[in-house]
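The values are calculated or read from the model by the stated rules, or taken from the named source; none is laboratory data. Small disclaimer: the values here were computed from a predicted structure and weren't measured. Neighbour counts are summed over all protein chains in view; Cβ atoms, including those assigned to glycine, are modelled from backbone coordinates with ideal geometry.
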Amino acid sequence: MTEQPSFLRRTGQPALAYQQFQPQKADLPTVVFLGGYRSDMNGSKALYLDDTCRAQGQPFLRFDYRGHGQSEGLFEEGTIGLWFSDALAVIDELTSGPLILVGSSMGGWIGLLVARARPERVQGFIGIAAAPDFTKDMEAGMTEAQKLVMARDGVVRIPNHYSDEPYTITQALIQDGPDHFLLDKPLAMRFPVRLLQGMKDEDVPWQTAFRIKNALEEGGHEDAKVLLVEEGNHRLSRPEDLAMLAEQVAALS
């Protein structure tokens, strides 16, 4: 997809870049893709779903949080709460009717927050290596030296095995995280949940998917399933991974 994005412009807030497919007649729920930490709406999974939905005449929306991709704002000023508010703004302004939320990594956390905030609209949720509460693990994994740097500078940069650009972790991100933790209590949701998880994921342990499932079941949920991919990594972007994702979207539609 090479077309230029549209922008949701908001008074006093960064403009958010998005791409949307809205057929004139839509009998299927809108699929919303929520990207991961430092990712953007032009990743392989987002583009694959865009193509798939267009081919099937299904409404589709992908977007960049503030400080990500082509949206305005500085990444270092972002937090889970602000990115969650971005997601709600885009969804509330640009979509209507039932939704299927597809959240990748951090987008899984954001997507679950959206689902909890708009339960009447959500028809299904798909997590791809969903990572709710990951800031807790970020903080726990920092060395004492890194904690000292964060206390001094308000930010620390740690190696990223996916690229030469390090992960940027801000004190604001860590401090904001607990306000949005989901797995420390039962999670009450009533729509189907599918959790796609690679067994060789180096960023999100596969056990996290079962922690999400257990939190849902403790909240009375009866239709949450974990789909383990034995050779899958964090990205789950191989052709067979993408095909499985499309199958789950179709099944929930």
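Considering only helices (runs of 4 or more DSSP H) fully contained in segment 30-123, which possess at least 1 residues that are β-branched (Val, Ile, Thr), at pLDDT 95 or above and in contact with an Asp or Glu (Cβ under 9 Å, 6 or more places away or on another chain)?
Those helices (runs of 4 or more DSSP H) span 80-94, 106-117.
If you check Leu173 against the conditions, is it touching a helix residue (DSSP H, G or I) at 6+ places or on another chain (Cβ under 7 Å) and farther than 28 Å from Glu230 by Cα?
yes
Within segment 98-121, count every residue that is in contact with a strand residue (DSSP E or B) (Cβ under 6 Å, 6 or more places away or on another chain) and surrounded by fewer than 24 Cβ atoms within 10 Å (Cβ to Cβ).
Qualifying residue count for the region: 3.
Determine which member of the set Gly78, Gly107, Gly103 is more than 24 Å from Val156 (Cβ to Cβ) and under 15 Å from the mean Cα position of the chain (by Cα).
Answer to the selection: Gly103.
Would you say His234 is surrounded by 19 or more Cβ atoms within 10 Å (Cβ to Cβ), under 17 Å from the mean Cα position of the chain (by Cα) and either over 16 Å from Leu101 (Cα atoms) or without any contact (Cβ under 8 Å) to a residue 24 or more places away in the chain (or both)?
Against the criterion (surrounded by 19 or more Cβ atoms within 10 Å (Cβ to Cβ), under 17 Å from the mean Cα position of the chain (by Cα) and either over 16 Å from Leu101 (Cα atoms) or without any contact (Cβ under 8 Å) to a residue 24 or more places away in the chain (or both)), His234 qualifies.
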